[in-house]
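Colleague: Next up is a structure, given as structure tokens.
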Amino acid sequence: MKLERVEKLDPTPLMVDLGERSYPIIIGKGLLASKYDLAGSISGPDCLIVSNETVAPLYLDKLKSCLGGREVAELNLKDGEAWKTLDASTAILDKLVEIGANRDTTVIALGGGVVGDIAGFAAACYMRGVAYIQVPTTLLAQVDSSVGGKTGVNHARGKNLIGAFHQPRLVLIDTDTLATLPDRELKSGLAEVIKYGAIADAEFFAWLEQNIDALVARDADAMAHAIERSCETKAEVVAGDEREVGRRAILNFGHTFGHAIEHCVGYGEWLHGEAVAAGMVMAAKLSGIDADSVERLQGLIARAGLSVAPPSVGAKQLRAAMGMDKKVQRKQLRFVLLNKLGDAHVTSEFDRAALEDILGAAD
């Protein structure tokens, strides 16, 4: 397991080391405006750009200018988590068939996590797998969902229940796209940034405590560091456990509660990061770590402009939704819990009474 710099690429890419499935994460300012050369990552003559009705008017033309004269088809989906469905993935598959796409076609996802997940899933399914590239335009997608090869759509019974592992060919992160990101979406992305410090990097967590105000204010230097460190952490974890059979599950800290919150309130009512933020506080309390550490986590989340408490959806409803969590094994709930800030583990051993008390906050 390693994360290495790739000096021949510019600017300072990171490499996700997965053997023959390795790929670079390229992070920089103005990459789309400067016509970053994506053509070298596209093996065939044509590609399909999948975006949505919000992002396409802002960045589609800039992305097309990076493709070196490739034949480009376009498909814009509806915007929002509520549209992360099998129907949306079918629309992409229908488009690929319509344009006569072959196995050397590349799918390019331009947008946030919803677009990336759906487009990646369709790419995994079409002709048993075609290449795809991630061009994430939200903070949450840049630091989390675009890296690691998890693709999928939601089911009426739970989030991301239908999907596949399918690694991208490349992740291109243009930090300038955050300039058009609404404040609520930015704060949602900060939840995933905070997660990395909480589960794997106490020093980064302390840095976030010192710099969270700058991040909320969109300070460019602070944001660049937060994105790069988050990607480094995720890439390291994914490189060691691509299929989530072990340590990779720590990346789901707060997600067992968070996904249940999203399901219970209705997809899109709470953004993913908003639900994960409340879920992280719930998981920290269940961890049984010292009160000062829980307060530090709550304080950082609150300063990021996120809720530290779940919505009033009912303990029974949350408990039922958590039963569909993908970490469940042998009908037993498993949680990502903290040993301390910066150190997490996955376990089915937890205080059942404490869980009931925590769920009671949602009544």
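Colleague: Looking at 152, 68, 116, which one is at positive phi, among the small types (Gly, Ala, Ser) and surrounded by 19 or more Cβ atoms within 10 Å (Cβ to Cβ)?
Modeller: On the way: 68 fails: surrounded by 19 or more Cβ atoms within 10 Å (Cβ to Cβ); 116 fails: at positive phi.
After ruling out the rest, the residue left standing is 152.
Colleague: Given 156, 191, 164, 122, which one is of a type in the set (A, V, I, L, M) and free of Cβ contacts under 8 Å to residues at least 24 places away in the same chain? Give the derivation first.
Modeller: Details: 191 fails: free of Cβ contacts under 8 Å to residues at least 24 places away in the same chain; 164 fails: free of Cβ contacts under 8 Å to residues at least 24 places away in the same chain; 122 fails: free of Cβ contacts under 8 Å to residues at least 24 places away in the same chain.
Going through 156, 191, 164, 122 in turn, the sole match is 156.
Colleague: Of all residues being in contact with a strand residue (DSSP E or B) (Cβ under 6 Å, 6 or more places away or on another chain) and hydrophobic (A, V, I, L, M, F, W, C) in segment 119-129, which is surrounded by the fewest Cβ atoms within 10 Å (Cβ to Cβ)? Just the residue, please. Quick ask: steps written out before the conclusion?
Modeller: The initial filter retains those residues of segment 119-129 that are in contact with a strand residue (DSSP E or B) (Cβ under 6 Å, 6 or more places away or on another chain), namely 119-121, 123-124.
Cutting the leftovers down to hydrophobic (A, V, I, L, M, F, W, C) gives us 119, 121, 123-124.
Details: 119: 29, 121: 27, 123: 30, 124: 21.
Filtering segment 119-129 for residues that are in contact with a strand residue (DSSP E or B) (Cβ under 6 Å, 6 or more places away or on another chain) and hydrophobic (A, V, I, L, M, F, W, C), the one surrounded by the fewest Cβ atoms within 10 Å (Cβ to Cβ) comes out as 124.
Colleague: Within segment 220-231, does at least one residue satisfy the condition of being touching a Lys or Arg at 6+ places or on another chain (Cβ under 8 Å) and not in a helix (DSSP H, G or I)?
Modeller: No, segment 220-231 has no match at all.
Colleague: Further question on the same structure: Between residues in segment 306-317 that are touching a residue at least 60 places away in the same chain (Cβ under 8 Å) and residues that are buried (at least 17 other Cβ atoms within 10 Å of the Cβ), which pairs lie under 8 Å by C-beta distance while being six or more apart or on different chains?
Modeller: 306/187; 306/188; 306/190; 306/191; 306/273; 306/274; 306/277; 306/278
Colleague: Assess whether residue 34 counts as being at pLDDT below 95, surrounded by fewer than 16 Cβ atoms within 10 Å (Cβ to Cβ) and at negative phi. I'd like the intermediate steps shown before the answer.
Modeller: On the way: at pLDDT below 95: yes; surrounded by fewer than 16 Cβ atoms within 10 Å (Cβ to Cβ): yes; at negative phi: yes.
In short, yes.
Colleague: Let me ask something else about it. Looking at (1) over 25 Å from residue 217 (Cβ atoms); (2) buried (at least 17 other Cβ atoms within 10 Å of the Cβ), find the lone condition where residue 312 falls short.
Modeller: Residue 312 satisfies every listed condition except (2).
Colleague: Of the residues that make up segment 201-216, is at least one under 27 Å from residue 356 (Cα atoms) and assigned to a helix (DSSP H, G or I)? Walk me through how you get there before you give the answer.
Modeller: Start the filter on segment 201-216 by keeping residues that are under 27 Å from residue 356 (Cα atoms), which leaves none.
No; the residues of segment 201-216 include none that is under 27 Å from residue 356 (Cα atoms) and assigned to a helix (DSSP H, G or I).
Colleague: For segment 178-196, give me each residue that is of a type in the set (S, T, N, Q) and surrounded by 24 or more Cβ atoms within 10 Å (Cβ to Cβ).
Modeller: At the first step, the residues of segment 178-196 found to be of a type in the set (S, T, N, Q) are 180, 188.
If the condition is that a residue be of a type in the set (S, T, N, Q) and surrounded by 24 or more Cβ atoms within 10 Å (Cβ to Cβ), then 188 is the only one that fits.
Colleague: Could I ask something else about it? Can you tell me which of 164, 235 is among the small types (Gly, Ala, Ser), closer than 24 Å to residue 119 by Cβ, crowded, with 19+ Cβ neighbours inside 10 Å and at pLDDT 95 or above? Reasoning before the result, please.
Modeller: On the way: 164 fails: crowded, with 19+ Cβ neighbours inside 10 Å.
It is 235.
Colleague: If you scan segment 192-226, which residues turn out to be small (Gly, Ala, Ser), under 18 Å from residue 345 (Cα atoms) and in contact with a Leu (Cβ under 7 Å, 6 or more places away or on another chain)?
Modeller: First, pick out the residues of segment 192-226 that are small (Gly, Ala, Ser): 197-198, 200, 202, 206, 214, 217, 220, 222, 224, 226.
Applying the additional criterion that residues be under 18 Å from residue 345 (Cα atoms) yields 197-198, 200, 202.
Listed by number, the residues that qualify are 197, 198, 202.
Colleague: Here is a follow-up. More than 16 Å from residue 121 (Cβ to Cβ), under 21 Å from the mean Cα position of the chain (by Cα), in contact (Cβ under 8 Å) with a residue 12 or more places away in the chain and part of a loop (DSSP other than H, G, I, E, B), is that true of residue 31?
Modeller: Numbers: more than 16 Å from residue 121 (Cβ to Cβ): yes; under 21 Å from the mean Cα position of the chain (by Cα): yes; in contact (Cβ under 8 Å) with a residue 12 or more places away in the chain: yes; part of a loop (DSSP other than H, G, I, E, B): yes.
Yes: the conditions hold for residue 31.
Colleague: Let me ask something else about it. Return only the number of the condition from (1) under 19 Å from residue 228 (Cα atoms); (2) free of Cβ contacts under 8 Å to residues at least 12 places away in the same chain; (3) not aromatic (Phe, Trp, Tyr) that residue 139 does not satisfy.
Modeller: It fails just one condition, (2).
Colleague: Can I ask one more? Got a sec? Which of 254, 273, 305, 279 is touching a Pro at 6+ places or on another chain (Cβ under 9 Å), crowded, with 16+ Cβ neighbours inside 10 Å and closer than 23 Å to residue 206 by Cβ?
Modeller: Values: 254 fails: touching a Pro at 6+ places or on another chain (Cβ under 9 Å); 273 fails: touching a Pro at 6+ places or on another chain (Cβ under 9 Å); 305 fails: touching a Pro at 6+ places or on another chain (Cβ under 9 Å).
Only one candidate qualifies: 279.
Colleague: If a residue has to be closer than 26 Å to residue 232 by Cα, surrounded by 15 or more Cβ atoms within 10 Å (Cβ to Cβ) and more than 23 Å from the chain's Cα centre (by Cα) to count, how many in segment 37-52 make the cut?
Modeller: The number of residues fulfilling the criteria is 1.
The values are calculated or read from the model by the stated rules, or taken from the named source; none is laboratory data. No experiment lies behind these values; they were computed from the predicted model shown. All Cβ positions, glycine included, derive from the backbone under ideal geometry; neighbour counts span all protein chains shown.
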